[in-house]
Structures are given as C-alpha cells and as structure tokens.
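Coordinate-derived values only; no laboratory data. For clarity, every value in this text was computed on a predicted model and none was experimentally measured. Every residue, glycine among them, receives a Cβ derived from its backbone with ideal geometry; neighbour counts consider all protein chains shown.
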Amino acid sequence: MSGWRGLLLIGQDPRVTEHNEDLVALLRELDDPEWLERPRDYDRGEVGVLFNVLVARLEGEFAAPCVGERDTQDSSEYGRVTVPADATVCGTRIVVCVSKFGSLALVCADNPGAFLGTGEAQVEGELNAADLDKVTGTLANPGYAIVPEELLECDYAGPSQLPWHAQRPTWWHRFFGSF
C-alpha cells in the first residue's frame, strides 16, 4: 500500500482530471469489506503524529492557530483541521479532512459539501488559489493523497456494505463517513 504515498497528490482544480482513474484505483485498493472503519494495518499513533505535523505546518503557513479535531468516533475519518476564516484571503475558512485510510485527505472551502469542490469555491470567490496552494503544499510533504470532493461525491461502486443511513452511498461515505 505504501507505493502510492506521495505519488498521487492531486490538486482539486477541475482542470486536473487525468489522474482520476489513478485515484479511483487507489480507492478500490484501499476498499476492504472486512475493514470498514479503518484499514487492517491502521496505526493510530502514526496517523496522530502525521496529523499533529499537518496542524503545525498549516499554522505556520497561515500564521494563525488552526483547530484540529481528531479521533472521530464510529467514522472512517480520523479528523479535521480548520484554517480560520480571518487567516484566509477570501475570509472563508478552509477545512482539511483526513481519513483513516491511506492518508487520504480532502480540502474544502467552508465545510465538506458547501461547494462541489475547490474549483467551484474559487469561481464563487470563496477560496483563493494561493491559500489552496499553501494547503496542498502542506499536505504534499507528509504524503497525503488529496482526493477531490467531486470524486468523493460519485456513487460508491465497491464491495463493502455501507451503513443503512447512506441513502445514496458515495466514496465519501466509504472513506470519510460515519458507521
């Protein structure tokens, strides 16, 4: 599983679509129906160390305290880091969601689902390209694989039985949702 780490760092720019097949292959590789909430080889300590580094680096990049929420219960999401709105150019907070699976990460303006991806947030003037570059650059160094929200919102087509409350299961439910 470690062969892809650091190699599939994809910005959430709608113009970057040529790697979606690689990202879907990665999601399928990580999708083990016997391990819904976390992967078989999950190391909570290692994920926690990477998360702490992420929070510290984002605080350095934005010169502001960032809130890190971790250990999301009954979820395949490990945690979230929030860059405060007053530290961003557009005045909209940036949220980075981190999965328990393979260091998958999602970058959102305001909150997951507020916009269909960072491209839409940029078009609407809610996310500055330089701020997005700071976040994606920060995620690149420890080897997070950035998955576009547009891809995560696609219908789930894998072998796992997802929770009953997901009326239209998506890849988001599989790798960031609650169980």
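So here's what we get for this one:
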{"item": "Zone of D155's modelled label, taken as backbone nitrogen in the range 163-179 under 14 Å from a point 7 Å along Cα→Cβ", "result": "167-171"}
{"item": "Cβ crowding within 10 Å averaged over residues, with 74-87, 98-111, 28-41 ranked highest first", "result": "98-111, 74-87, 28-41"}
{"item": "C-alpha long axis of helix 129-140 to longest principal axis of the chain, angle in °", "result": "50"}
{"item": "Net charge, D110 excluded, C-beta distance under 13 Å - Lys, Arg +1, Asp, Glu -1", "result": "-3"}
{"item": "For the range 100-117, Karplus couplings with θ = phi - 60° (6.51, -1.76, 1.60), whole Hz, Gly/Pro x", "result": "6, 9, x, 6, 6, 9, 10, 10, 9, 8, 6, 5, x, x, 5, 9, 8, x"}
{"item": "Table column - 3J(HN,Hα) (Hz), the range 142-151, Karplus curve with 6.51, -1.76, 1.60, x for Gly and Pro", "result": "x, x, 6, 9, 7, 10, x, 4, 4, 6"}
{"item": "Karplus-derived HN-Hα couplings along the range 55-64 (A = 6.51, B = -1.76, C = 1.60, θ = phi - 60°), whole Hz, x at Gly and Pro", "result": "4, 4, 5, 5, 4, x, 5, 9, 6, 7"}
{"item": "Rounded, prolate or oblate (a/c below 1.5 giving rounded, otherwise prolate when a/b exceeds b/c) for the chain by Cα gyration tensor", "result": "prolate"}
{"item": "Cα gyration tensor shape of the range 59-132, rounded if a/c is under 1.5, else prolate or oblate by comparing a/b with b/c", "result": "oblate"}
{"item": "Proximal charge balance of R80 [Cβ under 10 Å; K/R count +1, D/E count -1]", "result": "-1"}
{"item": "Anisotropy class of the range 18-73 from Cα gyration tensor, a/c 1.5 cut", "result": "oblate"}
